[in-house]
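Participant: For reference, the structure I am asking about is given below.
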Amino acid sequence: MSGFTRVDDRLGEFTLRPLAPDADAPLLHRWVTHPKAAFWLMADADVAGVAEEYRRIAAHPHHDAYLGSWRGRPAFLAERYDPARVELVGLYDPAPGDVGMHFLCAPTDAPVHGFTRAVITTVLAWLFTDPSTRRVVVEPDVRNTAVHALNAAVGFTVLGEIRKPEKTALLSACTREQFRAATEGETQP
């Protein structure tokens, strides 16, 4: 997938473009090492380590990363992966059309009400532009209650807990229909 644009009724334009691992690493380093990104599990990474991780993702045939912008400024990170081949292999029964997703909002000293929901709505709208995507699956840490509430607000349903090497995760899924029903009235592409 190349770039993507979504206009939020309240917050304006959100875009996604493929991540450039080396060029974007200094920016991403500030985001992934921030205390608010604790669940991203990269708190001790240096810039070179962040670049290496995103070069690895860029080279992977079933995992990729995108840099998201809001009103033309970098503001979030999104990853898309095939859960039958990455992250969730052997941990759940994948269905045809399943796509895995991670997202991270940049830390800010001036939070904007509704921003994170607009970001996840943008990421899901982007993923569902691919007609082969039937369901998006996520596996956030069970302790990340804020993201569980956000996931529910955009249509995710909990499938259950799973044990990953780095965490106990709350596996959840959202179909295109669940997403549309939860976000009806919000501007979609």
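The values are calculated or read from the model by the stated rules, or taken from the named source; none is laboratory data. What you see is a predicted model, and the numbers here were worked out from it, not measured in a lab. Cβ: placed from backbone, ideal geometry, glycine included. Neighbour counts: every protein chain shown. Ligands, DNA and RNA are stripped out before the accessible areas are found, and what is left, the full protein with its side chains, is counted by its heavy atoms. Shrake-Rupley method; radii C 1.70, N 1.55, O 1.52, S 1.80 Å.
Each row is one residue, and each column tells you yes or no for (1) more than 25 Å from His29 (Cα to Cα); (2) open to solvent by less than 20 Å² (accessible area, probe 1.4 Å); (3) assigned to a strand (DSSP E or B); (4) not aromatic (Phe, Trp, Tyr).
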{"site": "Glu87", "(1), (2), (3), (4)": "no, no, no, yes"}
{"site": "Gly90", "(1), (2), (3), (4)": "yes, no, no, yes"}
{"site": "His102", "(1), (2), (3), (4)": "no, no, yes, yes"}
{"site": "Asp109", "(1), (2), (3), (4)": "no, no, no, yes"}
{"site": "Leu150", "(1), (2), (3), (4)": "no, no, no, yes"}
{"site": "Leu159", "(1), (2), (3), (4)": "yes, no, yes, yes"}
{"site": "Ala173", "(1), (2), (3), (4)": "yes, yes, yes, yes"}
{"site": "Glu177", "(1), (2), (3), (4)": "yes, no, no, yes"}
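Participant: For Pro96, are the conditions met, namely being part of a loop (DSSP other than H, G, I, E, B), closer than 24 Å to His62 by Cα, modelled with pLDDT of 95 or more and open to solvent by less than 40 Å² (accessible area, probe 1.4 Å)? Working first, answer last.
Facilitator: Numbers: part of a loop (DSSP other than H, G, I, E, B): yes; closer than 24 Å to His62 by Cα: yes; modelled with pLDDT of 95 or more: yes; open to solvent by less than 40 Å² (accessible area, probe 1.4 Å): no.
Judged against the criteria, Pro96 is not a match.
Participant: Here is a further query. Which condition number in (1) of a type in the set (S, T, N, Q); (2) without any contact (Cβ under 8 Å) to a residue 24 or more places away in the chain; (3) surrounded by 18 or more Cβ atoms within 10 Å (Cβ to Cβ) is the one that Thr121 fails?
Facilitator: Against the list (1) of a type in the set (S, T, N, Q); (2) without any contact (Cβ under 8 Å) to a residue 24 or more places away in the chain; (3) surrounded by 18 or more Cβ atoms within 10 Å (Cβ to Cβ), Thr121 comes up short only on (2).
Participant: Can Val136 be described as in a strand (DSSP E or B) and touching a helix residue (DSSP H, G or I) at 6+ places or on another chain (Cβ under 7 Å)? Steps first, please.
Facilitator: Values: in a strand (DSSP E or B): yes; touching a helix residue (DSSP H, G or I) at 6+ places or on another chain (Cβ under 7 Å): yes.
Spelling it out, Val136 is indeed in a strand (DSSP E or B) and touching a helix residue (DSSP H, G or I) at 6+ places or on another chain (Cβ under 7 Å).
Participant: Between a first residue in the stretch 5-20 that is within 29 Å of Val47 (Cα to Cα) and a second residue that is small (Gly, Ala, Ser) and assigned to a loop (DSSP other than H, G, I, E, B), which pairs have beta carbons less than 6 Å apart while being 6 or more apart in sequence or on different chains?
Facilitator: If the second residue must be small (Gly, Ala, Ser) and assigned to a loop (DSSP other than H, G, I, E, B), the pairs left are Arg17/Gly3.
Participant: Then there's this: Return the residues of the stretch 62-98 that are of a type in the set (D, E, K, R), within 24 Å of Leu11 (Cα to Cα) and in contact with a helix residue (DSSP H, G or I) (Cβ under 8 Å, 6 or more places away or on another chain); say none if nothing qualifies. Spell out how you get there, then give the answer.
Facilitator: Our first condition is that a residue be of a type in the set (D, E, K, R); within the stretch 62-98, this holds for 64, 71, 73, 79-80, 82, 85, 87, 93, 98.
After this cut, where a residue has to be within 24 Å of Leu11 (Cα to Cα) as well, the list is 71, 73, 79-80.
Within the stretch 62-98, Glu79, Arg80 qualify.
Participant: Let me ask something else about it. Taking Thr183 as the residue in question, decide whether it is farther than 22 Å from Pro94 by Cβ and polar (S, T, N, Q). Walk me through how you get there before you give the answer.
Facilitator: Numbers: farther than 22 Å from Pro94 by Cβ: yes; polar (S, T, N, Q): yes.
Yes; evaluated as a whole, the condition is true for this residue.
Participant: Only strands (runs of 3 or more DSSP E) wholly contained in the stretch 1-78 count here; list those with 1 or more residues that are farther than 21 Å from Ala118 by Cα and open to solvent by less than 60 Å² (accessible area, probe 1.4 Å). Working first, answer last.
Facilitator: Values: elements: 4-8, 12-18, 63-70.
In the stretch 1-78, 63-70 are the strands (runs of 3 or more DSSP E) which contain 1 or more residues that are farther than 21 Å from Ala118 by Cα and open to solvent by less than 60 Å² (accessible area, probe 1.4 Å).
Participant: Can you work out which of the residues in the stretch 118-133 that are of a type in the set (Val, Ile, Thr) and in a helix (DSSP H, G or I) is nearest to Ala182 (Cα to Cα)?
Facilitator: Keep residues of the stretch 118-133 that are of a type in the set (Val, Ile, Thr), which gives 119-123, 129, 133.
So of that shortlist, the ones also in a helix (DSSP H, G or I) come out as 119-123.
Values: Val119: 15, Ile120: 12, Thr121: 10, Thr122: 13, Val123: 14 Å.
Going through the qualifying residues, I end up with Thr121.
Participant: Please enumerate the residues belonging to the stretch 71-95 that are among the charged types (D, E, K, R) and over 17 Å from Arg135 (Cβ atoms). If you could, list the steps in order and put the result at the bottom.
Facilitator: Going residue by residue through the stretch 71-95, those that are among the charged types (D, E, K, R) are 71, 73, 79-80, 82, 85, 87, 93.
Result: Arg71, Arg73.
Participant: Could you grab me the full set of residues in the stretch 124-148 that are hydroxyl-bearing (Ser, Thr, Tyr) and open to solvent by 20 Å² or more (accessible area, probe 1.4 Å)? Steps first, answer last, please.
Facilitator: Restricting attention to the stretch 124-148, the residues satisfying the condition of being hydroxyl-bearing (Ser, Thr, Tyr) are 129, 132-133, 145.
Answer for the stretch 124-148, where residues must be hydroxyl-bearing (Ser, Thr, Tyr) and open to solvent by 20 Å² or more (accessible area, probe 1.4 Å): Thr129, Ser132, Thr145.
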